[in-house]
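Inspection log for the structure reproduced underneath, given as structure tokens.
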Amino acid sequence: MSNGASADRDQAAGVLICDDNDGMRAMLGVILGTSAGVRVVGEAADGNEAVVEATRLQPNVILLDLAMPNRSGLEALPELRRVAPDAQVIVFSGFAGSAVAEQVIALGAVSYLEKGADPDTIVATIEQALASTPLSGLQA
């Protein structure tokens, strides 16, 4: 990789993927790996780990599943907002319905995506969330 490409990746927005399914985390990593503006900085397999990793990494975006062991994404969301206040939380869940979306938005998420969303929609939602906030705190 050239120094220019490395510098571009250093300026990319950091994303923390929180999902209990190894395959889903891997798939999201591949999808996000194709976007020049974002990079995966960490992963978490449950709600407790999500809080620990968000505290440690201070990502720009947190992709958060709701149905996870030990602490659900719904339970972790308020603490994630507290420990990583500059992160844009996008709930990415298999639960369908506007009532769930309204609930997570009320708890501080900026967006709600169903797991059936196509890759372009996932990347566009992340880019839209990033566009609504200053990126001075990009993770190196």
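The values are calculated or read from the model by the stated rules, or taken from the named source; none is laboratory data. Computed from a predicted model, the values in this text were never measured in an experiment. Using ideal geometry, Cβ is built from the backbone for each residue, glycine included, and neighbour counts are taken over all protein chains shown.
Mind telling me which of the residues LEU28, LEU77, LEU32 ends up being closer than 20 Å to SER132 by Cα and either small (Gly, Ala, Ser) or touching a residue at least 40 places away in the same chain (Cβ under 8 Å) (or both)?
Values: LEU28 fails: closer than 20 Å to SER132 by Cα; LEU77 fails: either small (Gly, Ala, Ser) or touching a residue at least 40 places away in the same chain (Cβ under 8 Å) (or both).
Result: LEU32 is the single residue among LEU28, LEU77, LEU32 that is closer than 20 Å to SER132 by Cα and either small (Gly, Ala, Ser) or touching a residue at least 40 places away in the same chain (Cβ under 8 Å) (or both).
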Condition check: among the small types (Gly, Ala, Ser), out of contact with any Ser or Thr (no Cβ under 9 Å at 6 or more places or on another chain), surrounded by 14 or more Cβ atoms within 10 Å (Cβ to Cβ) and in a helix (DSSP H, G or I). Does ALA76 satisfy that?
yes
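Within the bounds of region 49-64, is there any residue that is touching a Phe, Trp or Tyr at 6+ places or on another chain (Cβ under 6 Å), within 16 Å of GLU127 (Cα to Cα), modelled with pLDDT of 95 or more and of a type outside the set (Lys, Arg)?
The first filter runs over region 49-64 and keeps only residues touching a Phe, Trp or Tyr at 6+ places or on another chain (Cβ under 6 Å), leaving 63.
With the extra rule that they be within 16 Å of GLU127 (Cα to Cα), the set shrinks to 63.
Those left that are additionally modelled with pLDDT of 95 or more: 63.
Then drop every residue that is not of a type outside the set (Lys, Arg), which leaves 63.
Yes - at least one qualifying residue is present in region 49-64.
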So which residues in region 96-114 are in a loop (DSSP other than H, G, I, E, B), at negative phi and in contact with a helix residue (DSSP H, G or I) (Cβ under 9 Å, 6 or more places away or on another chain), if there are any at all?
LEU107, ALA109, VAL110
